[in-house]
Amino acid sequence: MKKLLLIISLLPLIGFAQKKLPKTYDLLIGTYTKGDSKGIYVYRFYEETGKMAYLSEIDGINNPAYLCVSANNKFVYSANENDVGGALSAFKFEAPSGKLTLINSQPAGGGPAYVSVDKDQKNAFAANYGNGTLTVLPINKDGSLGAITQTIKDEGKGVNKDRQEGPHVHSGWLSPDEKYFFYADLGTDKLNIYRYHSSKIPALTPATPAFVEVKPGNGPRHFDFSADGKYLYLLQEMGAAITVYSVDGSKLKPLQTVSMVAADYKGAVGAADIHISPDGRFLYASNRGDANEIVLYNINPDNGQLTFVERYRSMGKTPRNFIIDPMGRYLIVANQNSDNISVLKINPETGRLTSTNNTITVSMPVCLKLVPVE
């Protein structure tokens, strides 16, 4: 009987391992152009070796600091941070050649730090850190963006006078079933929750409840869902903490909050990014400041809660964004302030990281996306 139970418990992992996934990807790199960067870069990423090779670049876009790829992989959208309100840009993308072609740009409504799109390619969502708004822009059949159809702005402020004088929306995207839209507001310490109606204007209406709050001053930044949508993991930038929630439609129940730093840590923090491994067993989160670490946790499959495993010193400064390849073999890190992107090997049994010594130099890399070529 015990052997039978063991086999049943391993079936999801066996199925995952047997997936036929591409061996070659395009690595899209968003950057800040205030340094030597020209814009968005495309490198070929080889799954078998973890190596990268330059393909192309596209310039003329100011600070394409966050990227989003459409579900059909034919279009790429960038959130362009600048001092005059910012914009979203739409690009046609050809994976075999790695070529990006600008389609159009539209005002985002207030300094976007994040962009996401729905699976049906009907709407794009801009998380405007600058003025604390969340805006919705329609997507046309040719992939181009229309003008803003909805603007949402929360009220309030936080306890940190320097960072939380008002709302600062840092990220926002849809639940796995796309029935709800969640967005993190660093300025008000809230994760806001809206119902999503893809074909209506406005597309977003407040859910019940309409938000959850975190510890004052923690500053919600990014989040990730478990593959089945049962759990949400909320990364808090200023508190360097992760809160685990159970998810029931729009209802979030806090289950656990863990610190990303050791009890005796005294340096600056800046939690940045969070991702779950493709097999659902591990959670990784990056911490900037003086830490410059990738923190690894095991995920309990029965209750979604986290157990600390290790802190891995990043292969550069300010690990702002990272991505895990679809097979869960590599974790690729964009180190903003050391101008490099490094590839780390993931141990499939433990989730622990080791260096591959595969590194490329790109000025101020801040976002990474992988697109299959085959």
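When the scattering of segment 231-304 is computed by the Debye formula from its Cα atoms alone, each counted once and equally, what is log10 I(q)/I(0) at q = 0.18, 0.21, 0.25, 0.26 Å⁻¹? So the normalised log intensities are -0.71, -0.92, -1.18, -1.23.
I'd like to know which of GLY351, VAL69, SER97 lies farthest towards the positive end of the charge dipole of the chain, counting +1 on Cβ of Lys and Arg and -1 on Cβ of Asp and Glu. Value computed over the given set: GLY351.
Here segment 38-107 yields Rg over Rh of 1.01, to two decimals, using C-alpha coordinates and the Kirkwood radius. Mean residue ellipticity, 222 nm, helices only, the chain: the sum of -39500 (n - 2.57) across DSSP H runs of n ≥ 4, divided by residue count and rounded to 500, is -1500 deg cm²/dmol. Sparsely packed loop sites in segment 26-112 (the GluC sites (Glu not before Pro) outside DSSP H, G, I, E and B with at most 12 other Cβ atoms within 10 Å) comprise GLU48.
Assign unit charges at the C-beta atoms only (+1 for Lys and Arg, -1 for Asp and Glu), then state the dipole size of the chain relative to its Cα centre in Debye, rounded to the nearest 20.
Details: 39 positive and 36 negative charges, 114 e Å.
With Lys and Arg at +1 and Asp and Glu at -1, about 540 debye.
Rg and Dmax over the alpha-carbon atoms of segment 121-266 stand at 15.6, 54 Å.
Taking the three principal axes of the alpha carbon atoms in segment 240-355, the coordinate ranges are 41, 34, 25 Å, sorted in descending order.
Using the 2.2 N^0.38 Å rule of thumb for compact globular proteins, work out how segment 292-332 stacks up: its C-alpha Rg over that value, please. Mind dumping the intermediate values first?
On the way: Rg = 12.1 Å, N = 41, 2.2 N^0.38 = 9.0 Å.
Taking N as the residue count of segment 292-332, the ratio is 1.34.
Between THR49 and LYS179, the modelled label-to-label distance comes to 4.7 nm, taking each label 7 Å out from Cα in the direction of the beta carbon. For segment 328-373, the Cα-based Rg and Dmax, in that order, read 11.5, 34 Å. Extension gain for ASN140-LYS122 works out to 5.8 nm (0.36 nm per residue, less the C-alpha to C-alpha distance). In segment 15-167, inverting the average of 1/r over every pair of distinct C-alpha atoms gives 16.6 Å as the Kirkwood radius.
Report the full-extension gain for the segment LYS161 to LEU21: residue separation times 0.36 nm, less the Cα-Cα distance, to one decimal in nm. Please list the in-between numbers first.
On the way: separation 140, 0.36 × 140 = 50.40 nm, distance 4.76 nm.
So the chain would gain 45.6 nm between LYS161 and LEU21.
With N the number of residues in the chain, Rg(Cα) / (2.2 N^0.38 Å) evaluates to 0.94.
For segment 268-374, which chymotrypsin sites (Phe, Trp or Tyr not before Pro) are both in a DSSP coil and crowded by at most 15 other Cβ atoms within 10 Å?
Here no chymotrypsin sites (Phe, Trp or Tyr not before Pro) fit, given the DSSP loop and packing criteria.
Spin-label pair LYS253-ARG313: with each label point 7 Å from Cα along the Cα-Cβ axis, the two points sit 4.3 nm from one another. Extent along the principal axes, Cα only, for segment 125-170: 44, 14, 10 Å, with the longest axis given first.
Per the Debye formula with a single identical scatterer at each Cα and no solvent contribution, what log10 I(q)/I(0) holds for segment 131-206 at q = 0.23 Å⁻¹? Evaluating at q = 0.23 Å⁻¹ gives log10 I(q)/I(0) of -1.05.
Between LEU102 and SER363, the simple label model (points 7 Å from Cα in the Cβ direction) yields a spacing of 1.7 nm.
Where a number appears in this text, it was derived from the coordinates with a stated rule and is not lab data. Given the structure is predicted, the values throughout are model-derived calculations rather than measurements. Neighbour counts are summed over all protein chains in view; Cβ atoms, including those assigned to glycine, are modelled from backbone coordinates with ideal geometry.
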